[in-house]
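**Student:** Quick one: this structure, given as structure tokens, is what I'll be asking you about.
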Amino acid sequence: MGSLAASRASGNPTRGSEKYGPGVKREGNANPAKGGRGRDWRPTIFAPSDAREAVKSDGTGMCTVLGGAACGVIGVVGAQRKRARAGVLESCSTGSMRNLFRKEPPYITVPGQARPASGPKQAGGDGLWVRCENERCRELLYVREFENNLKVCHKCQHHARLTARERLSQLVDDGSFVEHDADLSPADPLDFTAGDTSYERKLVEAASRTGEREAAIGGSATVDSLPVELVALDFAFMGASMGSVVGEKIARAADRAAKRRAPLITVSASGGARMQEGIFSLMQMAKTVTALGNVGAARTPHISILADPTLGGVTASYAGVGDVIIAEQGAVAGFAGPRVIEQITKQKLPPDAQRAAFLLEHGMVDTVVQRRELRPLLMRLLHLYAAVPQPAATRTR
Ligand SMILES: [Zn+2]
């Protein structure tokens, strides 16, 4: 319906085309004088060959895909139009007709196995060099120097993604981390299968690829000798989506932090909720935020670190309610991704919208730091909070 309205507004009613045959709609404004693209338009709904096939399929030029004026894709003519109901697709006479409305996604999907577990790809077979992931840089980096620089490109300052264990090792005192809840494994409550891949199989693949049971790693540690509770997410494990186990580990870490009156540090890098767990995944948003309420009641801080990328239900729950929210330089954070927002609002987002600097400018985060400044900043914050007098209940003990 929206596409029809758009075509009316631009003065191009939906109708047959001389070039591609009946049923092919012009996309947008074809008048260059009004800012359109002139005669070089291309149909984006389906291919020209499909359109011709559609006309031939019932021999009369009638479309069996219904929807009348709401169709907006094929000009519905003849008696069949009387049966049209807006927004309803009836069974088509041929499979090809049905396929007219199956839009291929405008991007390709890279199989999970083809992605590296984390960080840029190695360049050359000797394992000594990696190439910067930043498309505008692509600098060849010496691995040891790259790792000494905390996986930040020395030329363009691009921050490569880290595994959860790499992240923890950069933040806490050496040898101080004690992992908790390592035995928690995700279940498959919905017996979810999409296509020919089940959720269970995806979990097994992610586990074998990353060496982790789940996307979250939680535990106790010290930072500059001050006790903290931490949870870090590993984006390489199914995009660190927040399923039941991830939510449970965060909630348990919050409970431990409240009990010990130790600050809670969360490091988020996640695509959002885990779709394969349905409502169980969404409930983690409420669970984690409720657990953080106990942290606040215990008068101990929650420091939320947003790494690249932090999106969806994670931003909208525990990661967005930290007492201090720190974004790593260049990190993307928000609810929906930029492409989704542009598709829904049909507006172009400003350059670098949802990047850390933009979020700081608009008050969504408290500070933006480079990776090498993260631990010193945590140390300063933790010492500041440690200097705050404890509540009366604690002093009387
Ligand atoms: Zn670079």
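The values are calculated or read from the model by the stated rules, or taken from the named source; none is laboratory data. Everything quoted here is computed from the prediction, not taken from an experiment. Quick reminder, even Gly has a Cβ in these numbers, built from the backbone with ideal geometry, and neighbours come from all protein chains shown. These accessible areas exclude ligands, DNA and RNA; they are computed on the full protein's heavy atoms, side chains included. Shrake-Rupley method; radii C 1.70, N 1.55, O 1.52, S 1.80 Å.
Yes/no matrix, rows are residues, columns are (1) more than 21 Å from S304 (Cα to Cα); (2) touching an Asp or Glu at 6+ places or on another chain (Cβ under 8 Å); (3) touching a residue at least 12 places away in the same chain (Cβ under 8 Å); (4) not in a strand (DSSP E or B):
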site: K202; (1), (2), (3), (4): yes, no, yes, yes
site: E205; (1), (2), (3), (4): yes, no, yes, yes
site: R209; (1), (2), (3), (4): yes, no, yes, yes
site: G218; (1), (2), (3), (4): no, yes, yes, no
site: A221; (1), (2), (3), (4): no, yes, yes, no
site: V228; (1), (2), (3), (4): no, no, yes, no
site: V231; (1), (2), (3), (4): no, no, yes, no
site: A236; (1), (2), (3), (4): no, no, yes, yes
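**Student:** Quickly run through segment 227-253 and pick out the residues that are of a type in the set (F, W, Y) and open to solvent by 10 Å² or more (accessible area, probe 1.4 Å).
**Tutor:** F235 - this is the single residue of segment 227-253 that is of a type in the set (F, W, Y) and open to solvent by 10 Å² or more (accessible area, probe 1.4 Å).
**Student:** Okay, next question. Among the helices (runs of 4 or more DSSP H) confined wholly to segment 305-397, which include 3 or more residues that are surrounded by 20 or more Cβ atoms within 10 Å (Cβ to Cβ)? Explain how you work it out, then say what you get.
**Tutor:** On the way: elements: 312-315, 338-345, 356-361, 371-386, 392-395.
The qualifying helices (runs of 4 or more DSSP H) are 312-315, 356-361, 371-386.
**Student:** Let me ask something else about it. Scan segment 150-174 for residues that are surrounded by fewer than 17 Cβ atoms within 10 Å (Cβ to Cβ) and within 15 Å of the ligand (Cβ to nearest atom) and jot them down. Break it down stepwise before answering.
**Tutor:** The first filter runs over segment 150-174 and keeps only residues surrounded by fewer than 17 Cβ atoms within 10 Å (Cβ to Cβ), leaving 154-157, 169-170, 173-174.
Answer for segment 150-174, where residues must be surrounded by fewer than 17 Cβ atoms within 10 Å (Cβ to Cβ) and within 15 Å of the ligand (Cβ to nearest atom): H154, K155, C156, Q157.
**Student:** Still on this structure, I have one more. Before we move on, is A262 modelled with pLDDT of 95 or more, among the aliphatic types (A, V, I, L, M) and not in a helix (DSSP H, G or I)?
**Tutor:** Working: modelled with pLDDT of 95 or more: yes; among the aliphatic types (A, V, I, L, M): yes; not in a helix (DSSP H, G or I): yes.
Answer is yes for this residue.
**Student:** Only one of these is within 26 Å of L384 (Cβ to Cβ) and open to solvent by less than 50 Å² (accessible area, probe 1.4 Å): V223, V178. Name it. Step through it out loud before you land on a result.
**Tutor:** Working: V178 fails: open to solvent by less than 50 Å² (accessible area, probe 1.4 Å).
The match here is V223.
**Student:** If you go through segment 155-197 one residue at a time, how many are out of contact with any helix residue (DSSP H, G or I) (no Cβ under 9 Å at 6 or more places or on another chain) and of a type in the set (G, A, S)?
**Tutor:** Total satisfying the criteria: 5.
**Student:** Taking E133 as meeting all but one of (1) modelled with pLDDT of 95 or more; (2) within 24 Å of the chain's Cα centre (by Cα), write down the number of the exception.
**Tutor:** That leaves (1) as the condition not met.
**Student:** For segment 270-283, give me the residue count where each residue is touching a residue at least 40 places away in the same chain (Cβ under 8 Å), open to solvent by 10 Å² or more (accessible area, probe 1.4 Å) and within 18 Å of the chain's Cα centre (by Cα).
**Tutor:** Result for segment 270-283: 4.
**Student:** On to the next question. Looking at this structure, is T109 surrounded by fewer than 15 Cβ atoms within 10 Å (Cβ to Cβ), farther than 30 Å from S304 by Cβ and modelled with pLDDT under 55? Please lay out each step first, then the result.
**Tutor:** Working: surrounded by fewer than 15 Cβ atoms within 10 Å (Cβ to Cβ): yes; farther than 30 Å from S304 by Cβ: yes; modelled with pLDDT under 55: yes.
Spelling it out, T109 is indeed surrounded by fewer than 15 Cβ atoms within 10 Å (Cβ to Cβ), farther than 30 Å from S304 by Cβ and modelled with pLDDT under 55.
**Student:** Something else about it: I'd like the residue in segment 140-149 that is open to solvent by 50 Å² or more (accessible area, probe 1.4 Å) and more than 21 Å from L377 (Cα to Cα) and, out of all such residues, is nearest to the ligand (Cβ to nearest atom).
**Tutor:** L140
**Student:** Looking at R299 and the list (1) open to solvent by less than 20 Å² (accessible area, probe 1.4 Å); (2) outside any helix (DSSP H, G or I); (3) not β-branched (V, I, T), which single condition is not satisfied?
**Tutor:** With (1) open to solvent by less than 20 Å² (accessible area, probe 1.4 Å); (2) outside any helix (DSSP H, G or I); (3) not β-branched (V, I, T) applied to R299, the lone miss is (1).
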